[in-house]
Amino acid sequence: MAKKIQWGVIGSGGIARRRTIPEGILKADNAKLSVVYDINEQVNAEVANEFGVRQANSVEALLEADVDAVYIATPANLHHDHVLTCAEAGKNILCEKPLGMTIAEAEEMIESCKTAHVKLGCAFMMRFVAQHVEALRLINEGRLGKPTYGRAQLSCWYPPIKGAWRQDPVTGGGGSLIDMGGHCIDLLEMFFGKVSRVSCFINNTVHDYESEDSATALLRFENGALATVDTFFCIPDASSRNVLELYGSQGSILAKGTIGQGPAGQMVAFLEGDNKGYDAKQTRGEDAAITIAPEPANTYRAEIKEFTQAIIEDRESVISAELGLRSQRVLAACYESARSGKAVEVA
């Protein structure tokens, strides 16, 4: 039988309970869930009972159990300390984004894991959406030509909720920009390379909590391409199409609904080659659309399977902590731009 990595979960409620445990850890053929912990004892007991695993009454108790890896899904302000504690215990770690609250915290988390000789990953699961993988293949093959412009949109309705950590920058690091815009920026960097300069606006357009409910960012990439990210906590769920648009000198790749927690979505491409002449009529037709519909992949299962296999093979994961650090650098520039009203270079 192939080796299975034993997993523990810190922060068993929330996204862990809804998605990562049932769709990821329990479904990945190289992983096994052993023990869970959550600060809410009732929730943790329910999760342990629901999935038939042990419940720990503290982080320390979980780390004393027979686990090889830990998935951290606690509020953002706890990521730093939890990663350092797990690293000291010699456990491999997959941490939800953001990787810490600041660039400095992310750097310390990475250094701590290197010193402890354990792997650290950041849970950018949207990289595993089947259409995104296929779009990346087309771009890498040069089918899009020179990248020119991209757009990534992820919005939802998130009204004021008492105690919601994402609605307080002290616990979440920010609002819609860091929470959902982080995924959008990471995807655009996956397709177009590194962002070099940003200009950003944030606002509380509808909701009056401390974190922003609205954010738009203009990104300039090292290769000269431009992109926009729009992400809001104040647009009804069904009204946001979660659009992804990628344009180049030879065509475009356009999607709706591929950015998000589920595998559903539609993607088409218009790939025209490099021999196009000038068309004064600027003719446009839908008949040239190429449907991109690979076999859907559950992103949480793919994420856990990939990181687990990196542990087994003792290699760097494709969702390494460097992605989390990179995200912090771009987000820090975005927030600085929003504060200063100026374009900001990414550190």
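The values are calculated or read from the model by the stated rules, or taken from the named source; none is laboratory data. None of the values given here were measured: they were computed from a predicted structure. Ideal geometry is used to build each Cβ from the backbone, glycine not excepted, and the neighbour counts take in all protein chains shown.
Have a look at 208, 287 and point out the one that is at pLDDT 95 or above, out of contact with any Ser or Thr (no Cβ under 6 Å at 6 or more places or on another chain), farther than 24 Å from residue 125 by Cβ and surrounded by fewer than 16 Cβ atoms within 10 Å (Cβ to Cβ). Give the derivation first.
On the way: 287 fails: at pLDDT 95 or above.
Exactly one of 208, 287 is at pLDDT 95 or above, out of contact with any Ser or Thr (no Cβ under 6 Å at 6 or more places or on another chain), farther than 24 Å from residue 125 by Cβ and surrounded by fewer than 16 Cβ atoms within 10 Å (Cβ to Cβ), namely 208.
When residue 294 is tested against (1) part of a helix (DSSP H, G or I); (2) not assigned by TED's automatic domain parsing to the domain that holds residue 94, only condition (1) is not met. Taking segment 7-49 as the range and being among the polar types (S, T, N, Q), outside any loop (DSSP other than H, G, I, E, B) and within 12 Å of residue 305 (Cα to Cα) as the test, only 20 passes.
Per the listing 90, 11, 100, the residue uniquely free of Cβ contacts under 8 Å to residues at least 60 places away in the same chain, at positive phi and outside the structural domain of residue 261 (by TED's automatic domain parsing) is 90. Tallying residues that are in contact (Cβ under 8 Å) with a residue 60 or more places away in the chain, surrounded by 18 or more Cβ atoms within 10 Å (Cβ to Cβ) and assigned to a strand (DSSP E or B) within segment 253-278 yields 4.
Name the one entry in 210, 245 that is assigned to a strand (DSSP E or B), over 26 Å from residue 321 (Cα atoms) and among the acidic types (Asp, Glu). Just a single option satisfies the conditions, and that option is 245. Condition (residue is in contact (Cβ under 8 Å) with a residue 12 or more places away in the chain, crowded, with 20+ Cβ neighbours inside 10 Å and under 21 Å from the mean Cα position of the chain (by Cα)) applied to segment 136-148: is it met by at least one residue? Scanning segment 136-148, I find no residue that is in contact (Cβ under 8 Å) with a residue 12 or more places away in the chain, crowded, with 20+ Cβ neighbours inside 10 Å and under 21 Å from the mean Cα position of the chain (by Cα), so the answer is no. Taking each residue of segment 177-194 that is in the same structural domain as residue 228 (by TED's automatic domain parsing) and looking for partners that are among the acidic types (Asp, Glu) and buried (at least 24 other Cβ atoms within 10 Å of the Cβ) with beta-carbon atoms closer than 8 Å, six or more apart or interchain, yields 177/212.
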